[in-house]
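See structure below.
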Amino acid sequence: MNLRNLSLTLLTASAVLLVAFNRPANKKSMTTSIKDSVIYGKLPADSSFEKTIKGKQTHLFVLKNKNGMEAAITNYGGRLVSLLVPDRAGKMVDVAVGCSSIEGYIKAGSSYYGATIGRYGNRIAKGHFNLDGKDYSLFINNRPNSLHGGKEGFDRKVWDAKKIDGQTLELTYVSNDMEEGYPGTLSVKVVYKLTNNNAVRISYEATTDKTTVVNLTNHSYFNLNGEGNGTILNHTVQLDAGNYTPVDATLIPTGKIEPVKGTPFDFTMSTAIGAHINDTSKQIRNGKGYDHNFVLNKHSFTNPVATVKGDKTGIVMKVYTEEPGLQFYSGNFMGGVNTMKYGEKDARRTAFAMETQHFPDSPNQPQFPSTTLKPGETYKTQTIYKFEK
Ligand code: BGC
């Protein structure tokens, strides 16, 4: 990079950080690094989101819509870093829980903050599957299973990034044949768009040169009261799901599809996340709370599959997808070990994820909708997180 480009990049990065982190009405002050660099104008040459990893450069990109919403995304793992949404009083609240630097994300690796997940979202039992008569072995990163793509999933890759316009970022990545044990060269495109109807639309496309399995999703952690504003237990959730896939103690689906009626998984009516989260039933114990795949009734773009409301801000998030499943994860494994953007620790259940997906372990469960992708086919899916108040 020549000097002019470098200074331009730094200028953009300072502006970006200023915009992304200086305004939200979140409780605590910003972390020291962001605060120093933004408020005191001391953005270092290798600023918090500028890092070279295996020869590829990471950046932070900011999208803005005409209503003042802003989404900051890094090409390190295709992560949503921050998302400013107006609350009922019109104040901007950062509802996406994230780290203040690439280093922070590297350290918080197995939490997958904001990340694009692939090649296979969620677990594959014992890291093993058979496809077209051939056995494949994956890295066991979540004993005894493989989780979210293995040791170095798409969440740890530096994606090629192209800002299409002020509201659109295109990320591309080519996953080599047998990367993390998966067959086929997979060419992936993920497009983040911040729309003028206050939605973050994430569109995925993938093609392969050999038959493979694909299940892409986004692992954003949300707190609709704003990052750093306590637990999500008083948020309410409504899911358009009459059934879910129960799991064993290692969070692999048992293969059954069971009705939610009469269980703590019944979110067909708006219910506080905390209402039954400490239930002593086996499924809640297996998940340590909610960490289950819900079988969606309609899965279309006309009806939200999930509606979540932050009790303090009144911010409502509606999730739309055409995927058959939704992993509702209530942040049970958040350990309070990572310091997030506003200086708060990532304490247990201070964020939730709504991951649109095919069902976990589908490659081993032929009765589930197929995740197989063949040469000549194009994998296509979208997740829409729409915000209202
Ligand atoms: C999984 C959880 C896991 C979390 C973060 C979720 O999709 O289902 O079990 O802890 O991701 O890795």
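The values are calculated or read from the model by the stated rules, or taken from the named source; none is laboratory data. All figures in this text were calculated on a predicted structure; none of them were measured in a lab. Here Cβ is always computed from backbone atoms with ideal geometry, including for glycine, and neighbour counts include all displayed protein chains. Side chains are part of the model used for accessible areas, which takes the heavy atoms of the whole protein and leaves out ligands, DNA and RNA. Shrake-Rupley method; radii C 1.70, N 1.55, O 1.52, S 1.80 Å.
For segment 192-217, a tally of residues being open to solvent by less than 50 Å² (accessible area, probe 1.4 Å) and closer than 17 Å to F301 by Cα returns 10.
Scanning segment 334-367 for residues that are open to solvent by 10 Å² or more (accessible area, probe 1.4 Å), over 22 Å from N225 (Cβ atoms) and assigned to a loop (DSSP other than H, G, I, E, B) gives H358, Q365, P366, Q367. Look at segment 366-386: where a residue is of a type in the set (G, A, S) and a partner is at pLDDT 95 or above and open to solvent by less than 30 Å² (accessible area, probe 1.4 Å), sitting 6+ places away or on another chain with Cβ atoms under 7 Å, you get S370/S362. Condition test on A347, is it more than 12 Å from the ligand (Cβ to nearest atom), among the small types (G, A, S), at pLDDT 95 or above and farther than 25 Å from T212 by Cβ? Spelling it out, A347 is indeed more than 12 Å from the ligand (Cβ to nearest atom), among the small types (G, A, S), at pLDDT 95 or above and farther than 25 Å from T212 by Cβ.
Pairs are defined by a Cβ separation below 7 Å, a sequence spacing of at least 6 or placement on different chains, a first member in segment 229-252 that is under 20 Å from H299 (Cα atoms), and a second member that is within 14 Å of the ligand (Cβ to nearest atom) and in a loop (DSSP other than H, G, I, E, B); the pairs so defined are T245/F359.
Only a single criterion out of (1) within 16 Å of the ligand (Cβ to nearest atom); (2) of a type outside the set (D, E); (3) open to solvent by less than 10 Å² (accessible area, probe 1.4 Å) is not satisfied by L84, namely (1). Do the conditions hold for K151, that is, is it closer than 22 Å to K189 by Cα and within 16 Å of the ligand (Cβ to nearest atom)? When the stated conditions are applied, K151 passes them.
Filtered by the rule that a residue be open to solvent by less than 20 Å² (accessible area, probe 1.4 Å) and part of a strand (DSSP E or B), segment 238-261 gives L239, Y244, T245, V247, P253.
Checking segment 268-285 against the condition returns a match, with at least one residue being within 16 Å of the ligand (Cβ to nearest atom), open to solvent by less than 10 Å² (accessible area, probe 1.4 Å) and touching a residue at least 60 places away in the same chain (Cβ under 8 Å). For segment 124-148, filtered to residues that are in a helix (DSSP H, G or I) and open to solvent by 20 Å² or more (accessible area, probe 1.4 Å), the residue that is nearest to the ligand (Cβ to nearest atom) is A125. For segment 98-123, a residue qualifies if it is within 12 Å of the ligand (Cβ to nearest atom) and either at pLDDT 95 or above or buried (at least 23 other Cβ atoms within 10 Å of the Cβ) (or both), and the qualifying residues are A108, S111, Y112, Y113, G114, A115, I117, Y120, G121, N122, R123. Residue count for segment 161-180, restricted to those that are buried (at least 18 other Cβ atoms within 10 Å of the Cβ) and over 13 Å from I73 (Cα atoms): 4.
One residue stands out in segment 303-329 among those that are within 16 Å of Q238 (Cβ to Cβ) and among the hydroxyl-bearing types (S, T, Y): the one that is least open to solvent (accessible area, probe 1.4 Å), namely T321.
Conditions (1) β-branched (V, I, T); (2) part of a helix (DSSP H, G or I), marked per residue:
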residue	(1), (2)
E152	no, no
A161	no, no
I164	yes, no
E180	no, yes
G184	no, no
V190	yes, no
S203	no, no
N218	no, no
G226	no, no
